[in-house]
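Okay, so here's the structure we're looking at.
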Amino acid sequence: MNYPHQRRSSLSQKLKTQGLDGFLITAPVNVTYLTGFTGDASFYAALPKNNTLISDTRFEEQIKEECADLDAAIRGHSKTTLEAAAEVLTKAGVKSVGVEGNRITLGELEALKQLAPKITFVPVDGVVEAQRAVKDPGEVEKIREAVRAAERGFRMFAATLRETDTEKDLVDAIEGYVRRAGARGTSFPPIVAVGERGALPHAPPTSRQLGEGSKLLVDWGADMLYKSDITRTLKSPFGTSPSRRNKMERVGFDFDELYAVVLAAQDAAIATIRPGVKAKDVDAAARKVIANYKFKGGKHPDIKLGDYFTHGLGHGIGLEIHEAPKIRANSEDVLEAGMVVTIEPGIYLPGWGGIRIEDDILVTHDSCKLLTSLSRESAMLTAS
Ligand code: ZN
Ligand code: ZN
């Protein structure tokens, strides 16, 4: 199945409804989506006849391998890609051409207007991004591969944890294992947070050692062109001595109790996922579980747990690590079959730490399917 060809046809259909006779795609990720070409510095022109990839001689061979079915305009080094694009568009005789308003720079747009003075360029936002939100079977398979590589990497990582590993060592380790599992690398700089540092949802790695905290939060993914994004929070396998932990961690909250709340929030959100459901309602389902929670034995009566779930519930993944749809309270997005989203509720208690559980989920025709298969039970993760 030639999926890029289908994607180009869908885009061309949309152009007609917008009254445009061409579209110049300049964002590398959108060029890749529409052509299958994985290099950079190239544009794609959707035209009434002969859709064209505009590139340069460095990529000639790669283009033959990756998208032989597509017309290519290969420029020499005396010309810029913008100049080559203006030529292709002028030659095609198009009058009104869409450009990616949210991607192209003002300088590029001004240059295009000067190079092709007879064409009206119309900034249009998010057309390809909206199309990318719903994955075709080829894309779902690639995301599955990225999930599998991330999980294989994590299993190796979890089996080799040492008490003296610092957060920085652990970032290096997970990156290495994910590459060894077949990925080009991680899909974003992994977050590895020991102990109370997990209270920062995007904690940068430090020289804090694993043995200095009672828990470990790891947020990572694999890049196989398509991306995966997973978070697991585990109890330190080293039964840390209380003297090595900071005071708040020692006197704070019960890990197992809070873990169960986050897991229940994630389950509640996943249970609502099916086509036609508003993304904000999925967010609300998780938020409700956390906000309504009362600590066992009437402990921590002043803590309103809902105040400590401080980010949106999830996001689409695909060629980019964050893409449509947004799963958060202010989202207007509605779920459709074929979307792949993360569901990642978390609780962050400053001084104590954080717990986040993140999985990758495919919206199916009647409900949804978990693409991740790593145990969501914290205790199981380092048992091997
Ligand atoms: Zn993540
Ligand atoms: Zn995420």
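The values are calculated or read from the model by the stated rules, or taken from the named source; none is laboratory data. Nothing here was measured: the structure is a model prediction, and the numbers come from that model. Positions of Cβ are backbone-derived with ideal geometry, glycine not excepted, and every protein chain shown enters the neighbour counts.
Computed quantities for the displayed model
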item: Any hit, region 190-206, residues being within 13 Å of ligand 1 (Cβ to nearest atom), touching a Gly at 6+ places or on another chain (Cβ under 8 Å) and among the β-branched types (Val, Ile, Thr); result: no
item: Those residues of region 284-337 which are free of Cβ contacts under 8 Å to residues at least 60 places away in the same chain, farther than 30 Å from residue 142 by Cβ and within 16 Å of ligand 1 (Cβ to nearest atom), in sequence order; result: 309
item: Test for residue 327: is it within 16 Å of ligand 2 (Cβ to nearest atom) and of a type outside the set (S, T, N, Q); result: yes
item: Residue ID - surrounded by the fewest Cβ atoms within 10 Å (Cβ to Cβ), chosen from residues in region 223-251 that are small (Gly, Ala, Ser) and at pLDDT below 60; result: 243
item: Some residue of region 120-127 being out of contact with any Asp or Glu (no Cβ under 8 Å at 6 or more places or on another chain), among the hydrophobic types (A, V, I, L, M, F, W, C) and either closer than 26 Å to residue 22 by Cα or surrounded by fewer than 17 Cβ atoms within 10 Å (Cβ to Cβ) (or both); result: yes
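Conditions tested, residue by residue: (1) touching a residue at least 60 places away in the same chain (Cβ under 8 Å); (2) exposed (fewer than 15 other Cβ atoms within 10 Å of the Cβ); (3) not in a strand (DSSP E or B).
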| position | (1), (2), (3) |
| --- | --- |
| 157 | yes, no, yes |
| 168 | no, yes, yes |
| 175 | no, no, yes |
| 178 | no, no, yes |
| 192 | no, no, no |
| 197 | yes, no, yes |
| 211 | no, no, yes |
| 216 | no, no, no |
| 219 | yes, no, no |
